[in-house]
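Engineer: Got a structure for you, written out below as structure tokens; questions coming shortly.
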Amino acid sequence: QEIGETASGIGYAAYVVGGFVRDLFLYRGNEDIDIVVEGDGIAFAKKFAKQKGARVHAYAKFGTAVIIFSDGFKIDVASARLEYYKFPAALPVVETSSIKLDLFRRDFTVNTLAIQLNPKKFSILIDFFSAQKDIKEKVIRVLHNLSFVEDPTRVFRALRFEQRFGFTIGKLTAGLIDNAVKMDFFKRLSGRRVFTELRLILEEDNPTPAITRLQDYNLLQVVHPSIKVDKSMVSLLNSTRKVISWHDLLFLEESYIKWSVYFMALIRNCDRKTTQDICQRLELAPRYRKIFTRERFEAERILYSLEKNYRLDNSTLYENLSGLRIELILYLMAGTRLKRVKRAISNYVTNLRDITIAVTGKDLMERGLKPGPVYREIKSAVMQARLNGKLETRSDELKFVDEYLASGKKA
């Protein structure tokens, strides 16, 4: 209501549009609020932000802005605009327009709903393109036949929405996807745009069905020809989902890159050179390339060692896994077929990885030891004993140090 009042105050019409309205009809939660203004969206955003004590990030080229509130909540604002494409897969050229033309440029009919916010017309639902009908019939349809020619990334979104909502691709739209693949409209897409769509799929609650649908349309070749989805891959992806769900239910309050765990599963059968090619194709940032082309292979070597070791005590687990980031640990847990190894990795995550010792360098100095490699040796011995349940308190640790030194084990 406040958005509508502010818009009316400067002579603009304002609407909440897209996924937020769609999800009202689907009874799904959605806190991504997109506002379209028939007028200067940036000017509106600045005025509304000033009233609410919020900040604004404006993008003049596209006539858009983001209002950022003190608690971190965001609202996206855009001028009603028309987009056209100079050639297939190009980025759009933007011109201001009406709400109807703004909605017509959107990807699918189900995303074309709008609700007016101005006080005199507050809550009026606008449906120019039969979105309610398609939501009721659970169908994903494009608005016009050139939709995938203009923006081939819409194909990825179509399959993602299809699986997220339990919808089906409309017959005509499915034919247009087949045509887009045959005509190879994707070859002009930058790796970054392909990666953005793939990442959004991998961030879904259950990305496996959408990945399988990519295979159905032969779209994984857009990422790399070597990526295939067979029964073993589906099994690995499903295992990854179970491991991620298990980790999230631990409520550890640690941030991690969820999509990267699925991505490593997807490229599990790719060697180092192929992995480097994929990272190059997708224009991945150096920090991600390091994970996928170096750290992943080291982690797989560690998993091989753990699977061959029939005596996985706590200190062995800690020694092998303590240097790995959580994404790699989850990847290994999903990838092993041995229940004993899966249980061992679970034990490391829940019980071992945060264990520390109380013995300090000062304690060793008080025992007449000069700083040097011997400190590391003794602390490692204390840690090993603690991990294996032989020590519980600081007193236990200090007693262990004294006995260790007395026994002559010191190098």
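Engineer: Got at least one residue in the stretch 8-26 being in contact (Cβ under 8 Å) with a residue 40 or more places away in the chain and more than 20 Å from PHE122 (Cα to Cα)?
Structural biologist: Yes, the conditions are met somewhere in the stretch 8-26.
Engineer: Kindly establish whether THR293 is surrounded by 15 or more Cβ atoms within 10 Å (Cβ to Cβ), β-branched (Val, Ile, Thr), more than 16 Å from the chain's Cα centre (by Cα) and under 20 Å from PHE186 (Cβ atoms).
Structural biologist: On the way: surrounded by 15 or more Cβ atoms within 10 Å (Cβ to Cβ): yes; β-branched (Val, Ile, Thr): yes; more than 16 Å from the chain's Cα centre (by Cα): yes; under 20 Å from PHE186 (Cβ atoms): no.
Judged against the criteria, THR293 is not a match.
Engineer: Let me ask another. Working only within the stretch 126-140, note down all residues that are free of Cβ contacts under 8 Å to residues at least 60 places away in the same chain and either farther than 25 Å from ARG199 by Cβ or surrounded by fewer than 19 Cβ atoms within 10 Å (Cβ to Cβ) (or both).
Structural biologist: ASP127, PHE128, PHE129, SER130, LYS133, ASP134, LYS136, GLU137, LYS138, VAL139 - these are the residues of the stretch 126-140 that are free of Cβ contacts under 8 Å to residues at least 60 places away in the same chain and either farther than 25 Å from ARG199 by Cβ or surrounded by fewer than 19 Cβ atoms within 10 Å (Cβ to Cβ) (or both).
Engineer: Since SER380 meets every condition but one in (1) outside any helix (DSSP H, G or I); (2) free of Cβ contacts under 8 Å to residues at least 12 places away in the same chain; (3) farther than 24 Å from ARG268 by Cβ, which condition does it not meet?
Structural biologist: So the condition that SER380 fails would be (1).
Engineer: Being at pLDDT below 95, charged (D, E, K, R), surrounded by 12 or more Cβ atoms within 10 Å (Cβ to Cβ) and in a helix (DSSP H, G or I): is that true of ASP277 here?
Structural biologist: no
Engineer: Can I ask one more? Residue by residue through the stretch 215-237, note down the ones that are basic (Lys, Arg) and not in a helix (DSSP H, G or I).
Structural biologist: Result: LYS228, single match.
Engineer: Among the numbered criteria (1) polar (S, T, N, Q); (2) outside any helix (DSSP H, G or I); (3) in contact (Cβ under 8 Å) with a residue 12 or more places away in the chain, which single criterion is violated by SER123?
Structural biologist: (3)
Engineer: So, one more: Do we find that THR212 is buried (at least 18 other Cβ atoms within 10 Å of the Cβ) and either polar (S, T, N, Q) or over 17 Å from THR336 (Cα atoms) (or both) in this structure? Before you say what the answer is, go through the steps one by one.
Structural biologist: Numbers: buried (at least 18 other Cβ atoms within 10 Å of the Cβ): no; either polar (S, T, N, Q) or over 17 Å from THR336 (Cα atoms) (or both): yes.
Against the criterion (buried (at least 18 other Cβ atoms within 10 Å of the Cβ) and either polar (S, T, N, Q) or over 17 Å from THR336 (Cα atoms) (or both)), THR212 does not qualify.
Engineer: Here's something else I'd like to know. Among the listed residues LEU159, LEU198, LEU189, LEU220, identify the single one that is without any contact (Cβ under 8 Å) to a residue 12 or more places away in the chain and within 22 Å of the chain's Cα centre (by Cα).
Structural biologist: LEU220
Engineer: So, one more: Give me the helices (runs of 4 or more DSSP H) completely within the stretch 326-371, filtered to those with at least 2 residues that are closer than 16 Å to SER245 by Cα and among the small types (Gly, Ala, Ser), ordered by residue number.
Structural biologist: It comes to 326-335.
Engineer: Scan LEU303, LEU252 and give me the residue that is of a type in the set (A, V, I, L, M, F, W, C), modelled with pLDDT of 95 or more and either within 16 Å of THR336 (Cβ to Cβ) or surrounded by 13 or more Cβ atoms within 10 Å (Cβ to Cβ) (or both). Working first, answer last.
Structural biologist: On the way: LEU252 fails: modelled with pLDDT of 95 or more.
Just one listed residue meets the conditions, LEU303.
Engineer: Considering only the stretch 378-411, state which residues are loosely packed, with under 14 Cβ neighbours inside 10 Å and not polar (S, T, N, Q).
Structural biologist: GLY389, LYS390, GLU392, ARG394, LYS399, ASP402, GLU403, ALA406, GLY408, LYS409, LYS410, ALA411
Engineer: Can you name the residue in the stretch 108-135 that is closer than 24 Å to GLY11 by Cβ and of a type in the set (Val, Ile, Thr) and, of all such residues, is farthest from the chain's Cα centre (by Cα)?
Structural biologist: That would be ILE124.
Engineer: Counting only residues that are among the aliphatic types (A, V, I, L, M) and farther than 15 Å from ASN111 by Cα, how many does the stretch 1-39 have?
Structural biologist: Kept after step one, since they are among the aliphatic types (A, V, I, L, M), are these residues of the stretch 1-39: 3, 7, 10, 13-14, 16-17, 21, 24, 26, 33, 35-37.
Right, trim to farther than 15 Å from ASN111 by Cα and you get 3, 7, 10, 13-14, 37.
So the count comes out to 6.
Engineer: Further question: Check every one of the helices (runs of 4 or more DSSP H) wholly within the stretch 135-210 and list those with 1 or more residues that are over 25 Å from ALA265 (Cα atoms) and not assigned by TED's automatic domain parsing to the domain that holds THR112. Spell out how you get there, then give the answer.
Structural biologist: Details: elements: 147-150, 154-165, 171-182, 191-202.
Because the criterion is at least 1 residues that are over 25 Å from ALA265 (Cα atoms) and not assigned by TED's automatic domain parsing to the domain that holds THR112, the helices (runs of 4 or more DSSP H) in the stretch 135-210 that meet it are 147-150, 171-182.
The values are calculated or read from the model by the stated rules, or taken from the named source; none is laboratory data. Here the structure is a predicted model, which means the values were calculated and not measured. Glycine also receives a Cβ, built like all others from the backbone with ideal geometry; neighbour counts cover every protein chain displayed.
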